[in-house]
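Comments concern the structure below.
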Amino acid sequence: MKRLTILFFVLTLLLPLGNLSSHAQSRDQEIQQLKQMIEQNRQQNEALMNKVQQMEAEKAATQMKVEELSTKQEDTDLKINGFMSFFDSIDLGFYVDTTYQYVFDRGSTSDLQLRSLYPDNEQFAINAFTVSVSKTPTLEGGIMDLLGFRADILFGEQAPRLASNGLSSDVVDPYQAYLQFLAPVGTGLNVYAGKFVTLAGYEVIEAKDDPNITRSILFGFAIPFTHTGIRADYTAGPITLTAGLNNGWDQVKDANGNVTIESQIAFSHSGGIISDSWFGVTGYFGREPGDIGFAETNGWRELITAVGTVTLDDWLTFIVDADFGWQQDIVFDDLGSEDGVSWWGIAGYIVADVHPAITLALRGEYFDDADGFRTGTEQKLFELTPTVSFKPFKGLIAGNRFIDNFEARAEFRWDHSDERYFEKEDGGLEKDQYGVMGQLLYWIEL
């Protein structure tokens with residue numbers, strides 16, 4: 001009995017130790033499982049971080065591609081916008097000139113003397129329907145903005161009168177057609193290549209820009225109309241310098257294989273009582289054809305013109321145009337003798353804008369063709385022409401330029417020669433010629 005009691009007591013003492021051993025083993029298993037879970041979490045986190053890094057790399061690559069595409073699109077847009085802005089800055093214009101002229105004691109004819117662009121008498125004439133397309137270059141913007149051009153194409157009865165050697169037509173005359181480049185040098189160096197109007201003299205081909213209807217004797221007989229070649233001009237403050245080389249007087253196709261030099265220096269000013277002024281001296285130098293019926297020659301020709309305009313108080317303008325020309329080696333007879341010739345003239349204008357819709361103009365000029373080289377007769381000529389211009393719709397609708405540019409003109413003209421030069425209806429010749437003329441002009445610029 002005592003042994004059983006002792007054994008029970010011993011077993012009672014050993015039972016907690018068994019429980020402790022079992023509990024220890026369970027803790028070890030839990031710790032091992034926890035370590036395994038931690039390791040699995042670490043591996044999962046590492047895989048997740050790798051995935052995040054991969055996604056970030058892919059996102060960065062995608063963003064880079066988007067930025068590259070955006071840059072390319074911006075470059076494309078700039079190119080397209082620059083290209084389109086080139087066309088947005090193109091100006092388009094139309095101009096119509098129609099007249100009726102009556103010279104006393106002459107009869108119906110298409111060959112009036114001293115009427116360089118208006119030779120028709122006692123008939124209505126569609127002198128010019130002109131289409132003008134142009135783009136003026138500018139230093140602001142891209143390279144496309146540095147490029148420009150101009151084309152003035154005339155359809156009508158003046159076409160054969162303005163025709164140049166190598167490009168003549170009875171219907172159409174492109175009296176200007178050139179490319180222009182504005183070199184980014186200082187304030188801008190303009191370079192022109194093609195066909196352009198002359199720098200010489202005051203009056204121009206477009207009637208709307210002249211104060212009288214008929215052109216002066218100087219315009220028709222003292223100076224050229226156009227040139228084909230290259231020209232450059234540069235403006236620094238009030239001074240503009242121009243220089244160029246061309247085929248000669250009114251020559252698209254060079255007639256003698258010699259170039260003509262052109263040059264001009266001009267001064268402009270505005271402000272104060274003198275609202276606007278311009279003074280310029282122009283020179284042309286080179287060999288030119290000198291055929292007057294006996295032999296073709298290519299003598300050295302020089303032309304110097306000086307023009308000055310002064311406008312006072314925005315309404316009264318005074319203009320002076322002086323032209324001096326001479327040429328060597330002209331054959332005057334069938335014996336082949338050669339001699340030099342000269343011609344000169346001066347014209348003065350008074351133009352008064354007496355009303356926004358009414359302009360009065362008076363032109364007087366003298367032309368000395370001492371050798372008969374320019375008019376075909378050795379003579380001294382005088383001409384006086386008063387003109388009135390009226391814009392009947394001027395200002396009727398504020399800002400409406402489409403009706404403001406309708407203009408009606410009327411003028412009286414007296415020509416006098418110291419020789420019997422002017423033809424009469426009966427075939428005789430007189431020293432004086434009198435005529436009246438009406439003109440309708442209309443132009444628009446888009």
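The values are calculated or read from the model by the stated rules, or taken from the named source; none is laboratory data. Note that the structure is predicted; figures quoted are calculated from it, not measured. Note that we place each Cβ from the backbone using ideal geometry, even for glycine, and neighbour counts take in every protein chain shown. Keep in mind that these areas ignore ligands, DNA and RNA; they rest on the heavy atoms of the full protein, side chains included. Shrake-Rupley method; radii C 1.70, N 1.55, O 1.52, S 1.80 Å.
What nm distance separates the two modelled labels at ASN258 and VAL204, each placed 7 Å from Cα along Cα→Cβ?
3.1
Take ASP426, project a point 7 Å from its Cα along the Cβ direction, then tell me which residues of the stretch 97-121 have their backbone nitrogen under 17 Å from it.
Correct set: 104-108.
As a test question: what accessible area, to the nearest 10 Å², does GLU56 have when a 1.4 Å probe is rolled over all protein chains in place?
Approximately 120 Å² for this residue.
Quick one: Kirkwood hydrodynamic radius for the stretch 219-311, alpha-carbon pairs, angstrom, one decimal?
Taking every pair of different Cα atoms in the stretch 219-311, averaging 1/r and inverting gives 14.9 Å.
Peptides 33-40, 247-254, 416-423: what's the order by average Cβ count within 10 Å, highest mean first?
247-254, 416-423, 33-40
Place the peptides 387-398, 121-132 in order of packing, highest mean first, counting for every residue the other Cβ atoms within 10 Å and averaging per peptide.
Highest mean packing first, the order is 121-132, 387-398.
Give me the distance in nm between label points sitting 7 Å out from Cα along the Cα-to-Cβ direction at PHE412 and GLU58, one decimal.
Inter-label distance under the simple model: 9.6 nm.
Taking all protein chains as present, what is the carbon and sulfur share of the accessible area of the chain, in % to the nearest whole number, probe 1.4 Å?
Reported share for carbon and sulfur atoms: 62 percent.
Please give the Cα centre distance for the stretch 114-129 versus the stretch 296-346, rounded to the nearest Å.
25
Under 4 °C and 1.567 mPa s, how fast does the chain diffuse according to Stokes-Einstein, given a Kirkwood radius computed over C-alpha pairs? Answer in µm²/s, whole number.
Estimated via Stokes-Einstein, D reaches 47 µm²/s.
For a label point 7 Å from the Cα of ASP339 along Cα→C-beta, name the residues of the stretch 280-304 whose backbone N is under 13 Å from it.
none
Please give the helix 2-88 orientation as an angle from the longest Cα principal axis of the chain, in degrees from 0 to 90, rounded to the nearest 10.
The angle comes out near 0 degrees.
Output needed: percent of Cα pairs per 10 Å distance bin for the stretch 316-395, bins running from 0 to the one holding the longest distance.
Each 10 Å bin holds this share of Cα pairs: 16, 32, 22, 16, 10, 4, 0.
Each label point is 7 Å from the Cα along the Cα-to-Cβ direction; what then is the distance between the points at VAL66 and VAL133, in nm?
For VAL66 paired with VAL133, the spin-label model returns 4.4 nm.
How big is the equivalent ellipsoid of the stretch 393-446 along its three axes, where each semi-axis is √(5λ) from the Cα gyration tensor, reported in whole Å from largest to smallest?
40, 10, 9
Give the cross-link partners of LYS35 among the lysines, using a straight C-alpha distance below 29 Å as the criterion and excluding same-chain residues fewer than 8 apart.
Straight-distance partners of LYS35: LYS51.
Can you give the accessible area per residue of the chain, in Å², using a 1.4 Å probe?
So the chain comes to 55 Å² accessible per residue, rounded to a whole number.
Given a 10 angstrom Cα cut-off, can you work out which residue in ILE239, ILE213, ILE304 is the most mobile in a GNM of the chain?
Among ILE239, ILE213, ILE304, the largest mean-square fluctuation in the Gaussian network model of the chain belongs to ILE239.
Dividing the Cα radius of gyration by the Kirkwood radius, what Rg/Rh value follows for the stretch 289-446?
Answer for the stretch 289-446: 1.10.
Grab the Cα-Cα distance for ALA236 and MET49, subtract it from 0.36 nm times how many residues apart they are, and report the gain in nm with one decimal.
Separation in residues times 0.36 nm, less the Cα-Cα distance, equals 60.4 nm.
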